[in-house]
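Below is one structure, written out as structure tokens, with a few remarks after it.
The values are calculated or read from the model by the stated rules, or taken from the named source; none is laboratory data. None of the values given here were measured: they were computed from a predicted structure. So basically every Cβ, Gly included, is an ideal-geometry build from the backbone, and we count neighbours across all protein chains shown. For the accessible areas, the whole protein counts, side chains as well, though only heavy atoms, and no ligand, DNA or RNA atoms are used. Shrake-Rupley method; radii C 1.70, N 1.55, O 1.52, S 1.80 Å.
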Amino acid sequence: MLAGMSVSQPSAPAPYPHLFSPLDLGFCTLPNRVLMGSMHTGLEDHARDFGRLAEYFAERARGGVGLMVTGGFAPNIEGWLKPFASRLSSRWQVAPHRRITGAVHAAGGRICLQILHAGRYGVHPLIVAPSAIKSPITPFTPRALSERGIERTIRAFVRCARLAQDAGYDGVEIMGSEGYLINQFLAERSNQRKDRWGGSAENRMRFPVEIVRRTRETVGRDFIIVYRLSMLDLVDRAQAWDEIVALAKQVEAAGATLINTGIGWHEARIPTIVTSVPRAAFTWVTRRMKESVRIPLITTNRINMPEVAEQVLARGDADMVSMARPLLADPEWVAKARSARADRINTCIACNQACLDHVFENRLASCLVNPRACHETELVIAPAATRKRFVVAGAGPAGLAAACTLAERGHAVALYEQSGEIGGQFNLAKRIPGKEEFSETLRYFRNRLADLGVDVRLNTAADPASLQSSHCDAVIVATGVTPRDPRIPGQDHPMVISYHDAVMGVRPIGKRVAIVGAGGIGFDVAEFLTQPPPSPTTDIARWTREWGVDTTLAHRGGIDKPEVETSPREVWLLQRTPGKPGKRLNKTTGWVHRAALKAKGVKMLGGVTYERIDDAGLHVTIDREVRTLEVDNVIICAGQESNRALADELIALGIPVHVVGGADVAAELDAKRAINQATRLAATL
Ligand code: NAP
Ligand code: SF4
């Protein structure tokens with residue numbers, strides 16, 4: 001759909017009246033209050049991938065999202081995120097973008113291109129910044145821009161916006177937050193210039209205001225300009241609140257159509273989007289800004305379900321909500337909310353495992369709960385040519401994904417689960433403070449199984465004899481894992497508890513606890529032991545206090561001294577590998593887990609040899625020194641082994657078998673691999 005056209009509105013459905021009320025921007029009307037926020041997927045970096053990118057956006061436009069923003073495109077080479085990354089600075093680059101805008105418009109959507117100059121966050125030797133100050137998270141020191149360089153950079157932003165307009169975009173988003181170049185100009189920590197671009201607040205904000213003003217002059221009136229404004233920097237020597245408000249007013253006066261909220265620089269050490277951040281934890285800051293500007297404001301971060309979005313809008317925190325990852329997880333999010341089918345939404349669990357972690361590893365983004373994300377053209381779930389009968393053994397993430405995908409393709413599916421509930425390891429994960437979102441995935445699968453008519457047999461172990469007589473075409477073995485036996489002398493002592501029994505509350509746990517194994521599950525168990533219920537993730541005020549977010553906005557950067565609640569237990573988290581535990585945790589979330597446990601006083605020790613367990617506690621050797629940890633309990637989190645017994649028996653009986661998930665590879669027991677593998681297999685059977 002073209003900018004300037006008005007959209008005819010369906011009547012607002014009862015459950016989410018604010019979410020589905022149209023937003024009039026003067027020259028066009030958005031059909032609802034959902035912005036698909038910018039997220040780099042990796043498909044932006046090569047024009048050869050724009051066909052895939054077009055389908056990725058088109059699928060979401062068909063799902064009814066009001067406005068979308070692409071991943072960031074640099075306005076010049078200096079602004080690259082990495083060498084040869086996405087850039088729009090020359091006329092010859094325009095034509096491939098028309099595939100994207102054409103596909104989105106044909107699907108009835110609208111899309112803006114994000115202009116992102118990485119500044120000192122670029123990972124290449126050509127980077128520039130207001131001052132030659134290296135960031136703590138990148139290896140290169142930037143060159144300080146000269147005054148002429150600043151002029152050239154402003155012109156590059158404007159040229160990029162003009163090219164985006166020529167490419168058919170409905171607007172641009174000017175990326176002024178998250179610690180990228182524009183944000184670097186705004187904060188003393190990265191801008192120590194003495195000329196008219198540094199020093200006073202007025203000088204520091206000249207750069208973004210000039211960009212917005214000249215962009216508006218160039219693109220004319222009927223073109224969306226979203227300015228992404230850092231409302232909370234969450235780093236020290238950053239902006240004060242009155243400076244941020246002054247900037248918002250100037251950006252409005254310079255011609256922005258909408259102001260989007262940015263929260264936290266990438267170098268900030270306060271989590272802003274991981275799953276332990278409460279839902280809608282930062283919308284209060286957008287509400288504060290609403291007192292000062294008239295143009296519509298967009299709020300963001302950890303809004304993942306329609307009722308949350310509706311509450312935020314109904315409270316008047318903002319005029320629109322931005323969601324990036326939730327629309328990766330479910331392209332039909334808006335359509336499902338609109339038709340009162342929110343309980344069918346495949347909810348983003350904010351794990352970052354397949355999206356941001358991939359981007360930071362230079363891999364194509366996808367989604368843990370939706371492996372089709374960014375693979376729309378290649379992972380197609382098409383109706384099966386012949387209807388077959390399958391048994392899926394095990395209802396963990398792999399079994400659930402296999403059963404649903406097979407049923408969606410028209411096959412008859414029976415799903416056997418020996419326990420009384422679906423979910424496998426997710427039933428443990430959802431009990432960890434800060435991982436409550438995992439229960440949404442189970443709700444999604446439960447409803448999807450019912451909708452698809454899968455024959456779910458709980459409390460039923462799949463035994464080889466009955467499977468043989470069932471005459472199914474094949475069995476998908478998704479029997480998961482069994483905990484590894486660490487073979488520590490004395491491990492049959494009553495103080496020793498499995499992680500399963502600890503998390504499920506099967507046995508009481510004492511005040512002093514040693515955890516054997518510091519992988520993903522060891523860290524989860526440590527959080528479970530040190531964070532008394534209710535989980536801080538359910539309480540925004542408590543969470544902001546614990547992490548030191550200044551909700552009074554009295555301090556620069558919005559940071560305050562954290563007030564950490566004392567752990568009810570003394571905990572040791574141990575591993576045999578030398579060095580600090582937690583190095584192998586995921587890139588974008590590992591630091592949060594390490595920081596949370598450090599704040600709770602958990603003693604994280606590497607290079608441990610387990611000698612024995614007896615009434616005195618756990619005897620270990622560390623750095624050749626023998627120590628006794630006088631603990632009440634030892635919890636074993638020593639990893640997993642594949643549970644392949646059923647697969648082996650079925651193969652011996654000549655029954656066709658496909659093994660997926662942890663039953664296939666335990667070393668990488670993780671839901672991302674399990675769901676992806678099972679979905680891809682089921683798409684081909
Ligand atoms: P893991 O990440 O492989 O960690 C296993 C830990 O056990 C390591 O710290 C390892 O360290 C130690 N270990 C291995 N062999 C041992 C032995 N023989 N004796 C004593 N210690 C031993 O496994 P995990 O913690 O079970 O997590 C597996 C995966 O599950 C993660 O990668 C994550 O993706 C996923 N995950 C699942 C959940 C869940 O709730 N289900 C939660 C978090 C993560 P050393 O060898 O150095 O001692
Ligand atoms: Fe959300 Fe995790 Fe999917 Fe990323 S990978 S979109 S965080 S569910």
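Of the candidates ALA518, ALA502, ALA526, the single residue that is open to solvent by less than 20 Å² (accessible area, probe 1.4 Å), more than 16 Å from ligand 2 (Cβ to nearest atom) and closer than 30 Å to THR460 by Cα is ALA502. Here GLY26 clears all of (1) over 30 Å from ALA187 (Cα atoms); (2) part of a helix (DSSP H, G or I); (3) more than 26 Å from the chain's Cα centre (by Cα) except the condition numbered (2). When HIS619 is tested against the conditions (1) over 29 Å from the mean Cα position of the chain (by Cα); (2) at pLDDT below 95; (3) of a type outside the set (A, V, I, L, M), the lone failure is (2).
Scanning segment 631-644 for residues that are at pLDDT 95 or above and open to solvent by 20 Å² or more (accessible area, probe 1.4 Å) yields ASP632, ILE636, ALA638. Just wondering, is there one or more residues in segment 561-568 that are closer than 17 Å to PHE523 by Cα, assigned to a loop (DSSP other than H, G, I, E, B) and either modelled with pLDDT of 95 or more or not small (Gly, Ala, Ser) (or both)? Yes, that holds for at least one residue. All of GLN192, GLN239 fail the test of being open to solvent by less than 20 Å² (accessible area, probe 1.4 Å), of a type outside the set (A, V, I, L, M, F, W, C) and assigned to a loop (DSSP other than H, G, I, E, B), apart from GLN239. Going through (1) hydrophobic (A, V, I, L, M, F, W, C); (2) buried (at least 19 other Cβ atoms within 10 Å of the Cβ); (3) within 16 Å of ligand 2 (Cβ to nearest atom) one by one, PHE360 falls short only on (2).
Screening ALA595 against (1) outside the structural domain of ALA393 (by TED's automatic domain parsing); (2) buried (at least 21 other Cβ atoms within 10 Å of the Cβ); (3) away from ligand 1 (no atom under 13 Å from the Cβ) leaves a single unmet condition, (2). Condition (residue is surrounded by 24 or more Cβ atoms within 10 Å (Cβ to Cβ), in contact with a strand residue (DSSP E or B) (Cβ under 6 Å, 6 or more places away or on another chain) and in contact (Cβ under 8 Å) with a residue 60 or more places away in the chain) applied to segment 421-439: is it met by at least one residue? No, segment 421-439 contains no residue that is surrounded by 24 or more Cβ atoms within 10 Å (Cβ to Cβ), in contact with a strand residue (DSSP E or B) (Cβ under 6 Å, 6 or more places away or on another chain) and in contact (Cβ under 8 Å) with a residue 60 or more places away in the chain. Selection of segment 331-345 for residues being open to solvent by less than 10 Å² (accessible area, probe 1.4 Å) and either part of a loop (DSSP other than H, G, I, E, B) or within 16 Å of ligand 1 (Cβ to nearest atom) (or both) yields only ILE345.
Looking at VAL380, VAL369, just one residue is closer than 16 Å to ARG680 by Cα, outside the structural domain of SER86 (by TED's automatic domain parsing), away from ligand 2 (no atom under 14 Å from the Cβ) and in contact (Cβ under 8 Å) with a residue 60 or more places away in the chain, and that residue is VAL380. Take the conditions in a loop (DSSP other than H, G, I, E, B) and within 21 Å of the chain's Cα centre (by Cα) and apply them to ILE133. Does it pass? When the stated conditions are applied, ILE133 does not pass them.
Residues of segment 440-465 that are touching a residue at least 40 places away in the same chain (Cβ under 8 Å) and either surrounded by 22 or more Cβ atoms within 10 Å (Cβ to Cβ) or within 20 Å of ASP670 (Cα to Cα) (or both): GLU440, THR441, ARG443, TYR444, PHE445, VAL454, ALA462.
Those strands (runs of 3 or more DSSP E) of segment 471-559 in which 1 or more residues are within 11 Å of ligand 1 (Cβ to nearest atom) occupy 481-483, 512-516.
Each row is one residue, and each column tells you yes or no for (1) in contact with a Phe, Trp or Tyr (Cβ under 8 Å, 6 or more places away or on another chain); (2) within 15 Å of LEU35 (Cβ to Cβ).
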position	(1), (2)
GLY262	no, yes
GLU267	no, no
MET289	no, no
ILE303	no, yes
PRO306	yes, yes
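Looking at ARG110, ARG99, which is the one that is open to solvent by less than 30 Å² (accessible area, probe 1.4 Å), in the same structural domain as SER339 (by TED's automatic domain parsing) and of a type in the set (Lys, Arg)? Result: ARG110 is the single residue among ARG110, ARG99 that is open to solvent by less than 30 Å² (accessible area, probe 1.4 Å), in the same structural domain as SER339 (by TED's automatic domain parsing) and of a type in the set (Lys, Arg).
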